[in-house]
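Read through the structure below, which is laid out as structure tokens, and then see the notes.
Read the figures in this text as sums done on the coordinates, not as results from a lab. Note that the structure is a prediction, hence the values are computed from the model and not measured. So basically every Cβ, Gly included, is an ideal-geometry build from the backbone, and we count neighbours across all protein chains shown.
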Amino acid sequence: MPRSLRLGKAGRNILESVIYRSLGASRSQIIIGPSFGVDNSIVRLSGGRVLAATTDPLSYIPSLGPEASAWLSVHLLASDLTTSGFSPEYGLFDFNLPPTLNDLNFGKYWRSFHRECKRLGLSIIGGHTGRYAGIDYTIVGGGVVMATGPDDRYVTSSMARDGDDIILTKGAAIETTAVLTRTFPQSVRKALGARLFDKAWNYLDKVSTVEDALTASSVGVRQSGVTAMHDATEGGVIAGMIELTSASNLGLIVDLEEIQISDETQMLCELFGIDPMVSLSEGSLIIASRPAKSGKILATLSSRGIPSQIVGRLTSKFRGCKGSTSKGKRSLRYPSVDPYWKAYSRAIARGWS
């Protein structure tokens, strides 16, 4: 029997051996193109301006419902785009809907999608909508979000520098906590108790780094503050940090005990058999900053109610990626697979609700 194919994002090997080798026509205006660990492409425009663009799947998760699924889809895209330091401006969205998704529920989805785009200042300039046999939940399409800005104001995850501090917002396994709590509320409530369950239930509002990124970059970018940003998605905060260091051709030393894991997240991850350090953590922003500006960035984030802490620093590539605890140091490996997917499937098979 053939080995099961990997679920979730494609691994680095296929990206580098297949995708990145065949990228269509080349153009001199492309400053930053497809690369491992890079959230946005950057294209040079005229008049000292650039275009930042990103793409991601669109989701409809039945257990979340149409309105929350739409909110999540908008913010997953906008979170990537705002790691450039720019606010989202334009969007193109392609919906390939399951035949079982009726007009009533898609209407609820779309109105919520519109409201959140409008709130973020994101104009919908085109797209495609249809129903097709063979399409199932939870991925129902894809989107592209773009913004323009001055060519001296953007950052990418490839622009971090040796000696930069690493700031992490919120903590680990934010999206894991949000989605599993909403998908299996009875099982999670029984394990966590009412108080922690209520906290975990409200994590959906944290599954965005839009405000985190725009707040941090408002202090300044490049030499004046933030040098790079990357949101933690599949593979969690550990994958996100390694992706940023890889994109910037650097190494890393991170104090693993400084990475915040809430009581509700810890208990939920124990219930599902998940390591919170390497599981879905959209909502956690990894920021590389010049050390002289880190204090101001932390204070500005705190003023907006966004918890954050310095968890490490960037080093020479030749020192590799290391994690430290009170017991010593160890090498950090890029997660081969996010444990979320297996835990989700196992809970479904067990009939959890």
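The table below lists the values:
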| item | result |
| --- | --- |
| Percent of alpha-carbon pairs separated by more than 17 Å within the stretch 25-150 | 58 |
| Lys, Arg +1 and Asp, Glu -1 on Cβ, resulting dipole of the stretch 165-348 about Cα centre, debye, nearest 20 | 460 |
| Among T177, G142, L104 - extreme Cα towards positive end, dipole of the stretch 91-191, charges at beta-carbon | L104 |
| Contact order normalised by residue count of the stretch 165-348, Cα under 8 Å, 6+ apart, percent | 38 |
| Span-like helix ranges in the chain, DSSP H, alpha carbon extent 20 angstrom or more, Kyte mean at least 0.5 | 66-82 |
| Size of electric dipole in the chain: Cβ of Lys, Arg +1 and of Asp, Glu -1, about Cα centre, debye, nearest 20 | 440 |
| Burial ordering of H128, H75, H230, H114, fewest other beta-carbon atoms within 10 Å first | H128, H114, H75, H230 |
| Y137-A349 pseudo-label distance in nm [points 7 Å out on the Cα-to-Cβ vector] | 2.1 |
| Packing rank of 27-38, 309-320, 152-163, 241-252, where each peptide gets the mean count of other beta carbons within 10 Å, highest leading | 241-252, 152-163, 309-320, 27-38 |
| Value of relative contact order over the chain, rounded to a whole percent, pairs C-alpha under 8 Å and six or more apart | 21 |
| Exceeding the 19 Å Cα-Cα cut-off - candidates K293/K317; K9/K342; K170/K206 | K293/K317 |
| Taking the convex hull of Cα positions in the stretch 194-353, its mean projected area over all directions (nm²) | 10.5 |
| Set of lysines with alpha-carbon distance to K108 below 18 Å, sequence-local pairs under 8 removed | K118 |
| Listed candidates (1) 30.4; (2) 21.0; (3) 19.5 - label of the one calculated as mean projected area of the Cα convex hull in nm² | (3) |
